[in-house]
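One structure is given below, encoded as structure tokens.
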Amino acid sequence: MQPYFYINGHDFKIEYEAEGESDLGIVTNDMFVSADSYGYKDIQWTNFTGETLPIDVYSRIDEKYVGDPEQPSDHTGDETFYSIPRTPHAVLKYWAQRGVPCKVKTNLEAYESGTYIIKEIQYSNITFTLIKTHLDLIQYENPDEIEQTYWSPTQNTQINTTSNKHLSATAQEIQKIPDCHQTCDCVEDTPPQYCQASIQKEVETLQKYLRRYGYLPIFTRIYGRINITGKYCYNTTQAVKQLQQDFGLTINGDCNEEVRRALIKLSNSEETV
């Protein structure tokens, strides 16, 4: 069996003697004992927080990238980047600069297949035609799937505070959603590909939480599958209207401060369960 190390579908040539590292959450506490006894530590394993892979990639200036045309998940990529042939080195540099998720698939036992982000990148010419690119890859998960645990749960009495220091990470993300509304003419049976609304990262965040709390369905009989697109379209408006109705708010389908507060209340209920 030939060794392989695919990133986003391209078989990169790497230095196989590179070392991987696992980040473990280990907590140690000094335990109190009497003066005539030996001391010891209480050791607790809390979690595993992913792999770190420092690797060296070698490519030639006449080599072409043949993998997947991956772009950043926040829709900020250059849609024309892959329209011309690129070297593997150029693609790695693009991924590093744009924060493109790197899907690793390998049969090398020292490494773990999964999704990574390039944390550091360095490059040098070994010869005139050979480029060495050093990468530090850190294991990564889609933000939509991460359970936010950086801040303690928020109490209902803290929702109206003007300071964000008491808000959970989820609440802070919701609070950053600006006022927005439907800008397209889509109706219930308009095919998704005909929607003229622009893609906005903040609308994508709004849709994520509307879906999490049961207001934006995954599938409807008339519309079919409803994806999180970042477009403030008909289904997003209907989801906001249902939220407004449930919370006794003005029903207009627009995202505003009242809607944000309602979503934060839902997040509080979720985090204190």
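Considering segment 61-78, the residues that are surrounded by 15 or more Cβ atoms within 10 Å (Cβ to Cβ) and in contact (Cβ under 8 Å) with a residue 40 or more places away in the chain include one that is farthest from Y4 (Cα to Cα), namely S73. Among the residues of segment 1-16, those that are more than 14 Å from G67 (Cα to Cα) and either of a type in the set (K, R) or modelled with pLDDT under 90 (or both) comprise M1, Q2, P3, E15, Y16. Might you let me know whether segment 71-81 holds any residue that is more than 30 Å from Q200 (Cα to Cα) and either part of a strand (DSSP E or B) or modelled with pLDDT of 85 or more (or both)? No: segment 71-81 contains no residue that is more than 30 Å from Q200 (Cα to Cα) and either part of a strand (DSSP E or B) or modelled with pLDDT of 85 or more (or both). In segment 168-225, the qualifying residues are those that are hydroxyl-bearing (S, T, Y), open to solvent by less than 60 Å² (accessible area, probe 1.4 Å) and part of a helix (DSSP H, G or I), and the one that is nearest to V259 (Cα to Cα) is Y209. Taking (1) modelled with pLDDT under 85; (2) open to solvent by 60 Å² or more (accessible area, probe 1.4 Å); (3) part of a strand (DSSP E or B) in turn, E19 satisfies each apart from (3).
If you go through segment 109-130 one residue at a time, do you hit one that is assigned to a strand (DSSP E or B) and without any contact (Cβ under 8 Å) to a residue 12 or more places away in the chain? Within segment 109-130, one or more residues are assigned to a strand (DSSP E or B) and without any contact (Cβ under 8 Å) to a residue 12 or more places away in the chain. Residues of segment 226-273 that are in a loop (DSSP other than H, G, I, E, B) and aromatic (F, W, Y): Y232, F247.
The values are calculated or read from the model by the stated rules, or taken from the named source; none is laboratory data. Just so it is clear, the model here is predicted, and its values are computed rather than measured. Here Cβ is always computed from backbone atoms with ideal geometry, including for glycine, and neighbour counts include all displayed protein chains. In case anyone asks, the SASA skips ligands and DNA or RNA and just uses the protein heavy atoms, side chains included. Shrake-Rupley method; radii C 1.70, N 1.55, O 1.52, S 1.80 Å.
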